[in-house]
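S.K.: The structure that follows is given in the form of structure tokens.
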Amino acid sequence: MIKVGRKYVFDFDSTLTRVEALDVLAEMTLQGKSNKEEIIYEIQKITNLGIDGDISFTESLERRIKLLKAHKNDLEGLVQELRKKISKSIASNKEFFEKFSEDIYVISCGFKEFIDPIVLEYNIPSDRVYANTFEFDEEGNITGFDENNVLATHNGKIQCLKNLDLDGEVQVIGDGYSDYVMREAGIAHKFFAYTENVHRDKAADNADHVTPNLDEFLFVNDLPRNISYPKNRIKILLLEDVHPAAFDNLSEDGFSVELIKTSLSEEQLIEKIKGVHVLGIRSKTQVTQKVLDAANKLLVVGAFCIGTTQIDLDYSRKKGVAVFNAPYSNTRSVVELAIGHIIMLMRNVFTKSTELHGGQWNKSAVNSREVRGKNLGIVGYGNIGKQLSVLAEALGMRVYYYDIDDKLALGNAVRCETLEDLLSVSDVVTLHIDDNKANKNFIGEREVNRMKNGAMLINLSRGFVVDIQALVNALKNGKLAGAAIDVYPDEPRKNGDFVTELQGLPNVILTPHIGGSTEEAQRNIADFVPNKIMDYINAGNTVDAVNFPNIRLPKQTNAHRFLHIHKNIPGIMAKINEVLAKYEMNIMGQYLSTDSDVGYVITDLDKEYNKEVIKALKKVENTIKFRVLY
């Protein structure tokens, strides 16, 4: 709804653009000068003193222009640079400036010579731009500014706005002292502290509303905007000390992100998750039915790991909560640890290291063998198993694999028809199977007995897939010559004391679930999972969701996108389209995917819509969740 009589007064530097224009000009004119960095630092310091009101604007301007040593010809290049530095949310809401141009003014302590050509592209003519102007000498050098211009004086914006004598409610959008004093002086009705590019405490503390982007400003004022709901209002909670790159990726996209280094108990999470739209976890946090029932705004859970057994996937789906994980991001890390374990076990390195730590020198080739020519049995020939297969062959091993699915062999690997076939031929067996609960004790006493005498077992998959007691017995009676275990049936929620029956056994390597714990893997995960979260929140894409119908959507512009999640019951699509037809909505594209429980339909529409259509779609029987994009 258009507000009659409202006027919008924008600052230019660090508001409409991401930068201070004179700082950019300094970068250009001082290029190649030995004291460039020193002068730029001084200019920026003077800029900030003026913005915060610590020195008069006139003094700030005089001191900066003297340091600049710029020429008229430099201004064209400056304009080209500033065109590349329009604030992200300003550029994405160009339609607002075009539609409301008659109500928009620019009042800036910058200069018309570079402001006019920039804002003209946003349909703001020169006669609604109030700014300073440069003075030049005969050779075109910038020597100063028009000191008679009211904006060249301290608190000049107050006088400028007063002279305009605008009718209706006046709202000022800016980032500094000179902006909020207009409201303080009673000339403007509201001041919005614009913090997308820089957060100035003085401006934020004196604002009627802090607006991290233009989307927030437009949302508060119920004005047309690029997205229906500002990203800064979408709360993301990241637990378990996920890589800081995840925080950076999500924050830079505009979301409000909170990072907690530990996991939370069910009770703590139930309290914390209220109002949270996105939850990011690793392997320790349990997302139970109780947690999901308490999550009144939850849209998506990101598992910054491979496994998802810590999340109730079925109930998440029924609640309309999509779940994404990182099935590939730590593959290489797990494979390299497996290779390391194979070599360490075959060479008896761990036993020798333990002896030497105890002061015993025992140089011997007994129980120390090359891996070349040995048989490696890989149980589970997925992403990890396949990559391990390739690297093991490069070391000269003969590779056998077993998988319940018919997987194509890589290199010279040989597929075994049964698990027993693989166990009977392998010198080393390494497990890379999924977290299906049916895999509990997948390797038990019976399977261990089928292994070659003196063989070795590596488990980098899930703790519950190996019967620990059966493994201990086989190691103690000599059936197996060694083992490397990274995962356990019961793992502590936090670092500290840990007990397992495997402790103290010779040639047994124990690691605390670090298969995927490398800096590279955590960084990969911190890129992959946030990208999936952002694709879902920003566009509705569900590709790679582990519990949701998968839809890959084309990028849509100049359209509205309705996302409707519902129980998979016959007739829902008909009811949705019945509502759209009733409100005369023109459908540009429609995408539907379902599974046994849930249907997910996306509808793209090409026109403004009656807000009543949203209420009607939410009331469609068996609706789980509904939201609007754009």
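The values are calculated or read from the model by the stated rules, or taken from the named source; none is laboratory data. None of the values given here were measured: they were computed from a predicted structure. A quick note on method: Cβ atoms are made from the backbone with ideal geometry, for glycine too, and the neighbour counts reach across all protein chains shown.
S.K.: Consider residue 571 against the criteria (1) more than 19 Å from residue 618 (Cα to Cα); (2) free of Cβ contacts under 8 Å to residues at least 24 places away in the same chain: it satisfies all of them except one. Which criterion is unmet?
M.R.: Going through the list (1) more than 19 Å from residue 618 (Cα to Cα); (2) free of Cβ contacts under 8 Å to residues at least 24 places away in the same chain, residue 571 breaks only (1).
S.K.: Counting just the residues of the stretch 349-372 that are surrounded by 14 or more Cβ atoms within 10 Å (Cβ to Cβ) and in contact with an Asp or Glu (Cβ under 9 Å, 6 or more places away or on another chain), which one comes out nearest to residue 513 (Cα to Cα)?
M.R.: Among residues in the stretch 349-372 that are surrounded by 14 or more Cβ atoms within 10 Å (Cβ to Cβ) and in contact with an Asp or Glu (Cβ under 9 Å, 6 or more places away or on another chain), the one nearest to residue 513 (Cα to Cα) is 371.
S.K.: Step by step: first the residues of the stretch 14-28, then only those that are β-branched (Val, Ile, Thr) and out of contact with any Asp or Glu (no Cβ under 6 Å at 6 or more places or on another chain), then the one that is modelled with the lowest pLDDT. Which residue is that? Can you show your working first?
M.R.: Kept after step one, since they are β-branched (Val, Ile, Thr), are these residues of the stretch 14-28: 15, 17, 19, 24.
Filter again for out of contact with any Asp or Glu (no Cβ under 6 Å at 6 or more places or on another chain), leaving 17, 19.
On the way: 17: 97, 19: 93.
Step by step, filter the stretch 14-28, then rank; the result is 19.
S.K.: Now, a different point. In the stretch 468-487, which residue that is of a type outside the set (Val, Ile, Thr) and touching a Pro at 6+ places or on another chain (Cβ under 9 Å) is nearest to residue 350 (Cα to Cα)?
M.R.: Here the answer is 482.
S.K.: List pairs: first in the stretch 25-36 and within 23 Å of residue 13 (Cβ to Cβ), second among the β-branched types (Val, Ile, Thr), Cβ under 7 Å, 6+ apart or cross-chain?
M.R.: What qualifies is 26/39; 26/40; 26/43; 27/40; 30/39; 30/40.
S.K.: Taking the condition of being over 15 Å from residue 52 (Cβ atoms), under 25 Å from the mean Cα position of the chain (by Cα) and free of Cβ contacts under 8 Å to residues at least 40 places away in the same chain, how many residues in the stretch 178-219 meet it?
M.R.: 4
S.K.: Still on this structure, please answer the following. Which pairs do you get when a residue that is free of Cβ contacts under 8 Å to residues at least 12 places away in the same chain, found in the stretch 90-111, comes within reach of a residue that is assigned to a helix (DSSP H, G or I), reach meaning Cβ atoms under 9 angstrom, with the pair 6+ apart or on two chains?
M.R.: Close Cβ pairs (under 9 Å, with a partner that is assigned to a helix (DSSP H, G or I)) amount to 102/128.
S.K.: Right, here's the next one. Here are the criteria: (1) assigned to a helix (DSSP H, G or I); (2) exposed (fewer than 14 other Cβ atoms within 10 Å of the Cβ); (3) not assigned by TED's automatic domain parsing to the domain that holds residue 440. Tell me which single one residue 543 does not satisfy.
M.R.: (1)
S.K.: Further question on the same structure: Kindly evaluate residue 235 against the criterion of being under 14 Å from the mean Cα position of the chain (by Cα), of a type outside the set (Phe, Trp, Tyr) and surrounded by fewer than 22 Cβ atoms within 10 Å (Cβ to Cβ). Steps first, please.
M.R.: Values: under 14 Å from the mean Cα position of the chain (by Cα): yes; of a type outside the set (Phe, Trp, Tyr): yes; surrounded by fewer than 22 Cβ atoms within 10 Å (Cβ to Cβ): yes.
Spelling it out, residue 235 is indeed under 14 Å from the mean Cα position of the chain (by Cα), of a type outside the set (Phe, Trp, Tyr) and surrounded by fewer than 22 Cβ atoms within 10 Å (Cβ to Cβ).
Each row is one residue, and each column tells you yes or no for (1) assigned by TED's automatic domain parsing to the domain that holds residue 287; (2) surrounded by fewer than 21 Cβ atoms within 10 Å (Cβ to Cβ); (3) out of contact with any helix residue (DSSP H, G or I) (no Cβ under 8 Å at 6 or more places or on another chain).
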site	(1), (2), (3)
313	yes, yes, yes
316	yes, no, no
347	no, yes, yes
377	no, no, no
411	no, yes, no
414	no, yes, yes
417	no, yes, yes
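S.K.: Quick one: is residue 131 under 43 Å from the mean Cα position of the chain (by Cα) and over 23 Å from residue 26 (Cβ atoms)?
M.R.: The answer is no for residue 131.
S.K.: OK, next. Residue pairs, Cβ under 8 Å, 6 or more apart or interchain, first in the stretch 319-331 and without any contact (Cβ under 8 Å) to a residue 60 or more places away in the chain, second surrounded by fewer than 22 Cβ atoms within 10 Å (Cβ to Cβ) and of a type in the set (Lys, Arg). List them.
M.R.: That search, which allows pairs on different chains as well, returns nothing.
S.K.: So which of 444, 454 ends up being assigned by TED's automatic domain parsing to the domain that holds residue 510, on the phi > 0 side of the Ramachandran plot and small (Gly, Ala, Ser)? Let's see the steps before the verdict.
M.R.: Working: 444 fails: on the phi > 0 side of the Ramachandran plot.
Of 444, 454, the one residue that is assigned by TED's automatic domain parsing to the domain that holds residue 510, on the phi > 0 side of the Ramachandran plot and small (Gly, Ala, Ser) is 454.
S.K.: Inside the stretch 243-256, can you point out the residues that are more than 17 Å from residue 89 (Cβ to Cβ) and surrounded by 16 or more Cβ atoms within 10 Å (Cβ to Cβ)?
M.R.: Listed by number, the residues that qualify are 243, 246, 247, 249.
S.K.: Going by the conditions given, is residue 107 surrounded by 18 or more Cβ atoms within 10 Å (Cβ to Cβ) and not in a helix (DSSP H, G or I)?
M.R.: Yes; evaluated as a whole, the condition is true for this residue.
S.K.: Considering each residue of the stretch 247-276, count those that are among the hydrophobic types (A, V, I, L, M, F, W, C), under 19 Å from residue 530 (Cα atoms) and either part of a loop (DSSP other than H, G, I, E, B) or not assigned by TED's automatic domain parsing to the domain that holds residue 234 (or both), and give that number.
M.R.: Residues that pass the stated criteria total 4.
S.K.: Oh, and also: What is the one condition in (1) within 30 Å of residue 49 (Cβ to Cβ); (2) touching a His at 6+ places or on another chain (Cβ under 9 Å) that residue 233 does not satisfy?
M.R.: (1)
S.K.: Which members of the stretch 546-568 meet the condition of being farther than 30 Å from residue 307 by Cα and surrounded by 12 or more Cβ atoms within 10 Å (Cβ to Cβ)?
M.R.: 556, 559, 560, 561, 562
S.K.: Please state which of the following conditions residue 126 fails to meet, knowing it meets all the rest: (1) touching a residue at least 40 places away in the same chain (Cβ under 8 Å); (2) touching an Asp or Glu at 6+ places or on another chain (Cβ under 8 Å).
M.R.: Residue 126 satisfies all of (1) touching a residue at least 40 places away in the same chain (Cβ under 8 Å); (2) touching an Asp or Glu at 6+ places or on another chain (Cβ under 8 Å) except (1).
S.K.: Tell me which of these residue 289 doesn't satisfy, since it passes every other one: (1) touching a strand residue (DSSP E or B) at 6+ places or on another chain (Cβ under 6 Å); (2) in contact (Cβ under 8 Å) with a residue 24 or more places away in the chain.
M.R.: It is condition (1) that residue 289 fails.
S.K.: Among the residues of the stretch 598-630, how many are surrounded by 14 or more Cβ atoms within 10 Å (Cβ to Cβ), within 19 Å of residue 317 (Cβ to Cβ) and out of contact with any Pro (no Cβ under 9 Å at 6 or more places or on another chain)?
M.R.: Qualifying residue count, the stretch 598-630: 8.
S.K.: List every residue pair whose Cβ atoms sit under 6 Å apart, with the two residues 6 or more apart in sequence or on different chains, where the first one lies in the stretch 404-422 and is closer than 18 Å to residue 446 by Cα and the second, anywhere, is in a loop (DSSP other than H, G, I, E, B) and at pLDDT 95 or above.
M.R.: Every condition considered, the pairs that remain are 422/416.
S.K.: What number of residues within the stretch 348-367 satisfy the criterion of being over 42 Å from the mean Cα position of the chain (by Cα) and in contact (Cβ under 8 Å) with a residue 24 or more places away in the chain?
M.R.: 4
S.K.: If you take the residues in the stretch 110-139 that are modelled with pLDDT of 95 or more and among the small types (Gly, Ala, Ser), which one is surrounded by the most Cβ atoms within 10 Å (Cβ to Cβ)?
M.R.: The extreme case among them is 131.
S.K.: Looking at the stretch 410-422, is at least one residue at pLDDT 95 or above and under 22 Å from residue 509 (Cβ atoms)?
M.R.: So far as the stretch 410-422 goes, yes, one or more of its residues are at pLDDT 95 or above and under 22 Å from residue 509 (Cβ atoms).
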